[in-house]
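The values are calculated or read from the model by the stated rules, or taken from the named source; none is laboratory data. Since we're looking at a predicted model, the values are computed, not measured. Backbone-built Cβ (ideal geometry, glycine too); neighbour counts: all protein chains shown.
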Amino acid sequence: MSTLWHQSLDRGRDTFVIALDIAGAFDRVWHSGLITKLRSMGVTGGLLHLLHDYLRNRSLSVAVNRHTSEEHPIGAGVPQGSVLGPLLWNVFFNDLLMLTPEAHAYADDCTLTFPCDSTDHRTTVALVNQVLETITSWGRRWQVDLAQDKTQVMLISRRHHPPATPIPPILLDGKVLLLQPTVNILGVEVNSTLSFTSHVRKTASEAAGRLNCVRRVSHLLDARGVTTLYAAQVRSLMEYAPLTWSSCPPSYLGLLDKVQNRAQRLISLKAAPDMQLAPLQPLQHRRDVTGLCVTYKILKQGAPHLAILRQPWATPHPYSTRDAHKRDQQLIVPFARTETFFRSFLPRYSRLWNRVVRQTDMHQAATLHIFKCAVNAWLMPSGHN
């Protein structure tokens, strides 16, 4: 989704983003409705009976200090934490996605995207309200409630001031949804200019707090123990969905680097004099390895969920050059009008992929693991892990 938003913003267009909140979601799936949908998808016979038995006659109880409450029957919902739970939810939710091509969903997280001309919001808002009415009607039919108070709406735009013509109200089941400066989607805070500065700032602050906790217990650990704890509890936080917010200005990415630098000093203090401990890999290096691996999945493995990100191959030159034989293995780099789009996933990693093709043969690696190891070594500054 962020790629679509970046492309629209780079072309000077605005985008309305609606992050729907489904009340209860997994806990409120209507069993009879789910069975009906399974049957309509061709699930019949013993398998349908098995799934029906899997859902019915379930109950809940609470255990505290060896005391267990009475059991209460459950008449709706799919078991959370189970293998089948997300699959059954997708079956239940799928027809809504077919009704609304503007929707993108991951489990019960659903986001609507409406690009529009920056001078004509009225037509787009009319479409938004029409789609929201369709979703509301679907919810009534299938006993799904939308949480109006938690549904978020944002306008992505390059403008710094409100438009001269007021934006018409956006309505969800009769309630006006107010435009917000940011929306939270799958744990990433997206702002209206796609700079992701607020997300990175909050991430750096939380990571610094976690690092302080690591420092408090560091007297119990050696250098390798501190490194392991840092990687698991601090760095993992700073590397959540990094390709989404890769367009963030370098000055804000530096806030994350400062946290890692503090961790590096803590690890160095714990290292024995004779211990040979390589420095931590730079965070930007790790993001670049990840970005190239995703590009490899798109181009070489044909990952279906990444197909929308596939860039066309470059056209071979009609004349002979040293790298002409590799031209058809390079990508057309999207033209970027703005620095924000220039730093985002598609332009950045199309350029980096082309560099890999021109300078090495790593793009011909047989497996993702081989490619990742080769790219990691190729990009790595000397002396790092």
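Of all the criteria given as (1) modelled with pLDDT under 95; (2) under 27 Å from Asp109 (Cα atoms); (3) not hydrophobic (A, V, I, L, M, F, W, C), the one not satisfied by Thr203 is (1).
For segment 78-87, indicate whether the set of residues that are under 20 Å from the mean Cα position of the chain (by Cα) and within 24 Å of Leu50 (Cβ to Cβ) is non-empty.
Just the residues of segment 78-87 that are under 20 Å from the mean Cα position of the chain (by Cα), to begin with: 86-87.
Okay, now just the ones that are also within 24 Å of Leu50 (Cβ to Cβ), so 86-87.
Scanning segment 78-87, I find at least one residue that is under 20 Å from the mean Cα position of the chain (by Cα) and within 24 Å of Leu50 (Cβ to Cβ), so the answer is yes.
Pairing residues of segment 5-28 that are part of a strand (DSSP E or B) with residues that are among the aromatic types (Phe, Trp, Tyr), at Cβ distances under 7 Å and at least 6 apart in sequence or on separate chains, gives Thr15/Trp5; Thr15/Phe114; Phe16/Phe114.
Here's a check for you: in segment 224-241, which residue that is under 30 Å from Leu346 (Cβ atoms) and either buried (at least 21 other Cβ atoms within 10 Å of the Cβ) or among the β-branched types (Val, Ile, Thr) (or both) is farthest from the chain's Cα centre (by Cα)? Break it down into steps so the answer makes sense when it comes.
At the first step, the residues of segment 224-241 found to be under 30 Å from Leu346 (Cβ atoms) are 231, 234-241.
Still in the running and either buried (at least 21 other Cβ atoms within 10 Å of the Cβ) or among the β-branched types (Val, Ile, Thr) (or both): 234-235, 238.
On the way: Val234: 19, Arg235: 17, Met238: 14 Å.
This residue is Val234.
Might you let me know whether segment 125-142 holds any residue that is among the hydroxyl-bearing types (Ser, Thr, Tyr), modelled with pLDDT of 90 or more and farther than 21 Å from Ala23 by Cα? Checked against the condition, which is being among the hydroxyl-bearing types (Ser, Thr, Tyr), modelled with pLDDT of 90 or more and farther than 21 Å from Ala23 by Cα, segment 125-142 yields no hits at all.
A count restricted to segment 58-106 and to residues that are surrounded by 10 or more Cβ atoms within 10 Å (Cβ to Cβ) and of a type in the set (Gly, Ala, Ser) stands at 8. Quick one: in segment 29-57, which of the residues that are in a helix (DSSP H, G or I) and touching a residue at least 40 places away in the same chain (Cβ under 8 Å) is surrounded by the fewest Cβ atoms within 10 Å (Cβ to Cβ)? Ranking the candidates gives Gly33 first.
Kindly check whether there is at least one residue in segment 245-253 that is surrounded by 18 or more Cβ atoms within 10 Å (Cβ to Cβ) and farther than 18 Å from Thr3 by Cα.
First, the residues of segment 245-253 that are surrounded by 18 or more Cβ atoms within 10 Å (Cβ to Cβ): 245-248, 252-253.
Still in the running and farther than 18 Å from Thr3 by Cα: 252-253.
Yes; the residues of segment 245-253 include at least one that is surrounded by 18 or more Cβ atoms within 10 Å (Cβ to Cβ) and farther than 18 Å from Thr3 by Cα.
For beta carbons closer than 8 Å, sequence separation of 6+ or different chains, a first residue in segment 305-333 that is farther than 19 Å from Ser2 by Cα and among the basic types (Lys, Arg) and a second that is at pLDDT 90 or above and surrounded by 13 or more Cβ atoms within 10 Å (Cβ to Cβ), the qualifying pairs are Lys326/Val357; Lys326/Arg358.
Tally the residues that are in a helix (DSSP H, G or I) and surrounded by 14 or more Cβ atoms within 10 Å (Cβ to Cβ), restricting the search to segment 327-350. Going through segment 327-350 one residue at a time, the tally reaches 12. Scanning segment 164-205 for residues that are over 14 Å from Thr151 (Cα atoms), assigned to a strand (DSSP E or B) and out of contact with any strand residue (DSSP E or B) (no Cβ under 8 Å at 6 or more places or on another chain) returns a single hit, Val188.
When segment 214-223 is limited to residues that are in a helix (DSSP H, G or I) and in contact with a Leu (Cβ under 9 Å, 6 or more places away or on another chain), the one that is surrounded by the fewest Cβ atoms within 10 Å (Cβ to Cβ) turns out to be Val217. When you look at Ile167, is it surrounded by fewer than 17 Cβ atoms within 10 Å (Cβ to Cβ), of a type in the set (Val, Ile, Thr) and either farther than 20 Å from Leu283 by Cα or at pLDDT 95 or above (or both), yes or no? Judged against the criteria, Ile167 is a match.
Residues in segment 101-121 include at least one that is closer than 20 Å to Val176 by Cα and assigned to a helix (DSSP H, G or I).
With respect to Leu177, determine if the residue is of a type outside the set (Lys, Arg), touching a residue at least 60 places away in the same chain (Cβ under 8 Å) and more than 24 Å from Thr3 (Cα to Cα). Even if it seems obvious, please write down each step before you answer.
Working: of a type outside the set (Lys, Arg): yes; touching a residue at least 60 places away in the same chain (Cβ under 8 Å): yes; more than 24 Å from Thr3 (Cα to Cα): yes.
Answer is yes for this residue.
Within segment 264-276, none of the residues are of a type outside the set (Lys, Arg) and within 26 Å of the chain's Cα centre (by Cα). Within segment 32-74, the set of residues being under 19 Å from Val144 (Cβ atoms) and among the aliphatic types (A, V, I, L, M) comprises Leu34, Ile35, Leu38, Met41, Leu55, Ile74.
So, Leu269, is that one buried (at least 17 other Cβ atoms within 10 Å of the Cβ) and in a helix (DSSP H, G or I) or not? So Leu269 does not fit the description; no.
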